[in-house]
Each structure stands twice: as structure tokens, then as C-alpha cells.
Amino acid sequence: MTETYAVIGASLAGARAVETLRAEGFDGRIVLIGAEHHLPYDRPPLSKEVITGRKQPHETLIHPARFYSDNDIELLLGTRATRIDTATRTVELDSGAALTVDKLLLCTGTAPRRPDIAGLQLDGVYFLRTMEDSIAIRDRLGHGGSLVVVGGGLIGMELAAAAVTLGTAVTVLERDSGLLRRVLGAQVGDRLARWHADRGVCIRTGAEVERIEGDHRVRRVCTTDGFTAEADVVVIGIGVAPATGLADDCGIAIGNGVIVDEYCRSSVPGIYAAGDIAEHPDHLLRESIRLEHWQNAQNQAIAAARSMAGNARPYREVPWFWSDQGDTNIQVAGHPRSGDRTVWRGDPESLEFSAFHLRDGQLVGAVSVNRRRDVRLAMHLISQRTRPEPALLADPSVDLRSVVDGTAPAPTP
């Protein structure tokens, strides 16, 4: 009998999963279920190229519509899965229909955290998560106007950098003492904050939003210290939480996401999870982690699909992500932490540098600004649990490829 495999979540992860199922030889029925009405698309452009008009929505698609028909992949778009019955392997849908499956992959991603403040319902307040959000923000801003970004994380600062190029007056309100410190560290985050400020972004740190005011539409944002920022558009970006409702309701083990093993298998046989929703074992840290990165969403979904198709390989990758903020490219590999020893390569003031993170002598992470190659080479060193000589990492005259292949000269005393 023909088997049915279903994927819930028509995202990057979902698209790569169904693509991989076919590539791995599964010839049964494949159903991709997605709450949005769009074909699966890439989300990174939402805070940058779509806002500035450099990319149109159709240019963000993972695959054109013909790919799914050519590969006999059924699309249930604009459809929500409301319940999973693990005993009967049935997925109930908001249409009232039910789908019986042999194997199921959860790629439901995350949902925005909503602050407990007045005014979130006003017209012009957005959580930048979907294509509709990005288009609405773009159209509302036009060329000019004022934007307040609540939360100075990566997506918030990407949006700020894009909006300021349109002539928008941009204010960023961050409750922490500095921007981007949690993901990049204080020194890198503070240097990037100065770069944004030099380009005209008004940044207020230690800023706690008290309320958002307006009539039928947003007009201003007020903080607890009495500051007021005028706003035609407000974007809330204070983080996300894994969308584990379906899994939790049917008894699948949940931690900081759906708990899976290195083959992406959940606690319930036949049900898998991948991407932002999955808490998985990290072979470098030797602990469980959950990642919200493009690379992880794509590659873990591929690994999950291989497991479903009977070609299982353990998912073991060095984490990596990037952020393009204007013409500044930031890349992070591994697991850098604030307590690590930091070795600098290049001058942070020049905005062309790398910070290598050593823990007990082992390279565990790297943060690079406008030095893409450094991170790629660092990923190899991290994967090999290398203990490089710090002086070689710091010396810009030493080719990092020689550190990778072991031909680097001995450091000068």
C-alpha cells in the first residue's frame, strides 16, 4: 500500500523536507500543510530586500509552483493543523478534514512574543514574521515617515538599516543596556550600535516601553522614563517562542521545543521535528540546544527527511548564521559566549574584523564583521575541536587556511 508522509509547516524547512523525500527515493504520497496562503518562501529578505523593494515577493520563493506539481507533492496552503491523534496517526485540519499519515514531520517554527503593553491592537503595529507583514510595513513607510522598532535584535536592526535608506526616521527602543549583546557580545554589539547611529538611527537603550498611543492608528510610543517617539509604524521584535502547541497537546516530549534525537525523531515513533521548533543534541557542546537559524532550518529538515525515508544520518553541524545590516555583513559560527577568551583579528573600529572565542584553549565560536572567509575557516576548526595558537588567529599576516591545514608558521615569541 502507498504510504503517506506529511509535513506541517510550509516554510524553508518544510520545502527542503519534501524536496529531500523525493530526492531520497520516497515514492509515496507527500502532503505539505501550511497556514499561510503563499508557497514556501525565504524569510531573511522580509526585513531587508522586500522592505527596500530590491526583491519582490515572488523572488523569495524556495521553489516555483511547478516544482510541487512536477514532484507530485500535495499542497494544503491556507490550512492549519489543529490536532494530532498519535494513536490513529491522524492529523485534523481546520477545514474539518482529517489526514491519516504513516510518518509526520513538524516544521511549525516559532511565534512572536507579545509584550504586555497597551496599544498593540492599533493599526500600524506589526510583528515582522510573514510576507504580508513585510509588504504592509513597506507600503506604510513609503519614502519617509517614522518607524519605531521595539527590540534591538538582529531582525530589528536589519529593518532599521533598511528603513533609514528610504528616508525614514527610525527609533530603536531596546530594554537591555546595549544592542545585539546577547548574540554578538558587548564590544561587537556596541560597535555596530555606533555604526547605526552614525547612519541616522536614534537608539535608546535601557528603554522599557510603557504603552503605544494613537487614535484608530498608531501615533507614538511611550517609555517608562518619559521618552516619547512619534511613529507612523511600530514593529515589535522582542523575540520568539517555539510553536509547540500541536506537539504538546498530543503528548510529545517538550523541553525548549520538541525534543528530538540526532536523527530528528521525537518521543513518539513516526513523528519527527526540525528547524526552529526542535531541541536537538549538539555534539560539540554535548548538551541539547534549539536554534533559530536559516542554516539549521534547512539542513536539519534535510536530515529529518532522510531519516523518514530510511536513509538516516546523524545531524551534526557547526551552527552558523548571518545578518546583513545595510552594507555590513555579520556572521557567527559555533557557540560564542561572554565568558570566553576573545582573540581579535583586525581592528573593531574599522568594521572589518573577527573575534575568535576560545574556551579552555579550544576554539568554540567566531564572530566576524565583513570578513566572510574567517567564519568559514573557523567552522572547520570548531568542528575538529581545534586548539589553535591564539597568536596565529590574531595575526592578519597569517593565512587562516594554514591554521586549518596545519602548515601555519610557529608564532613569533
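Structural remarks
- Residue check for Arg204: more than 22 Å from the chain's Cα centre (by Cα) and touching a residue at least 60 places away in the same chain (Cβ under 8 Å): no
- Residue check, Ile137 under 28 Å from the mean Cα position of the chain (by Cα), of a type in the set (Val, Ile, Thr), open to solvent by less than 20 Å² (accessible area, probe 1.4 Å) and at pLDDT 95 or above: yes
- Failed item in (1) touching an Asp or Glu at 6+ places or on another chain (Cβ under 6 Å); (2) in a loop (DSSP other than H, G, I, E, B); (3) not charged (D, E, K, R), with Pro396 passing the rest: (1)
- Restricting segment 91-126 to residues that are free of Cβ contacts under 8 Å to residues at least 60 places away in the same chain and in a loop (DSSP other than H, G, I, E, B) leaves a set whose member that is surrounded by the fewest Cβ atoms within 10 Å (Cβ to Cβ) is Asp116.
- Residue in segment 130-137 that is in a strand (DSSP E or B), touching an Asp or Glu at 6+ places or on another chain (Cβ under 8 Å) and touching a residue at least 60 places away in the same chain (Cβ under 8 Å) present: no
- Residue check for Leu166: in contact (Cβ under 8 Å) with a residue 40 or more places away in the chain, over 23 Å from Ser338 (Cα atoms), among the aliphatic types (A, V, I, L, M) and in a loop (DSSP other than H, G, I, E, B): yes
- Hits in segment 301-322 - residues which are closer than 30 Å to Ala163 by Cβ and open to solvent by 10 Å² or more (accessible area, probe 1.4 Å): Trp320, Phe321, Trp322
- Ala247 being under 27 Å from Val7 (Cβ atoms) and not in a loop (DSSP other than H, G, I, E, B): yes
- For segment 138-148, a residue qualifies if it is assigned to a helix (DSSP H, G or I) and either hydrophobic (A, V, I, L, M, F, W, C) or touching a Lys or Arg at 6+ places or on another chain (Cβ under 8 Å) (or both), and exactly one does: Leu141.
- Residue that is farthest from the chain's Cα centre (by Cα), among those in segment 314-372 that are in a strand (DSSP E or B) and within 22 Å of Glu279 (Cα to Cα): Val364
- Considering residues of segment 175-189 that are crowded, with 17+ Cβ neighbours inside 10 Å and out of contact with any helix residue (DSSP H, G or I) (no Cβ under 8 Å at 6 or more places or on another chain) only, the residue modelled with the lowest pLDDT: Gly185
- Test for Ala17: is it touching a helix residue (DSSP H, G or I) at 6+ places or on another chain (Cβ under 9 Å) and either assigned to a strand (DSSP E or B) or of a type outside the set (Lys, Arg) (or both): yes
- Answer residue from segment 323-349, given it is free of Cβ contacts under 8 Å to residues at least 40 places away in the same chain and open to solvent by 70 Å² or more (accessible area, probe 1.4 Å) and is nearest to Ile271 (Cα to Cα) among those: Arg337
- Residues in segment 268-294 that are buried (at least 16 other Cβ atoms within 10 Å of the Cβ), part of a loop (DSSP other than H, G, I, E, B) and of a type outside the set (A, V, I, L, M): Glu292, His293.
- Answer residue from segment 250-267, given it is in contact with a Pro (Cβ under 9 Å, 6 or more places away or on another chain), outside any strand (DSSP E or B) and of a type outside the set (Phe, Trp, Tyr) and is surrounded by the most Cβ atoms within 10 Å (Cβ to Cβ) among those: Val260
- Any hit, segment 226-241, residues being open to solvent by less than 20 Å² (accessible area, probe 1.4 Å), of a type outside the set (A, V, I, L, M, F, W, C), touching a Lys or Arg at 6+ places or on another chain (Cβ under 7 Å) and not in a helix (DSSP H, G or I): no
- Selection within segment 380-413 - surrounded by fewer than 19 Cβ atoms within 10 Å (Cβ to Cβ), within 24 Å of Trp322 (Cα to Cα) and among the aliphatic types (A, V, I, L, M): Ala394, Val404
- Restricting segment 36-90 to residues that are in a loop (DSSP other than H, G, I, E, B) and of a type in the set (Ser, Thr, Tyr) leaves a set whose member that is most open to solvent (accessible area, probe 1.4 Å) is Thr88.
- Qualifying positions in segment 190-225 - among the charged types (D, E, K, R), assigned to a helix (DSSP H, G or I) and either touching a strand residue (DSSP E or B) at 6+ places or on another chain (Cβ under 7 Å) or open to solvent by less than 60 Å² (accessible area, probe 1.4 Å) (or both): Asp190, Arg191
- Residue match in segment 72-79 (condition: more than 17 Å from Ile30 (Cβ to Cβ), aliphatic (A, V, I, L, M) and at pLDDT 95 or above): no
The values are calculated or read from the model by the stated rules, or taken from the named source; none is laboratory data. On a predicted model such as this, the values are computed, not experimentally measured, just so you know. Heads up, the Cβs are rebuilt from the backbone with ideal geometry, glycines too, and the neighbour counts pull from every protein chain shown. Note: accessible area is taken over every heavy atom of the protein model, side chains too, but ligands, DNA and RNA are not part of it. Shrake-Rupley method; radii C 1.70, N 1.55, O 1.52, S 1.80 Å.
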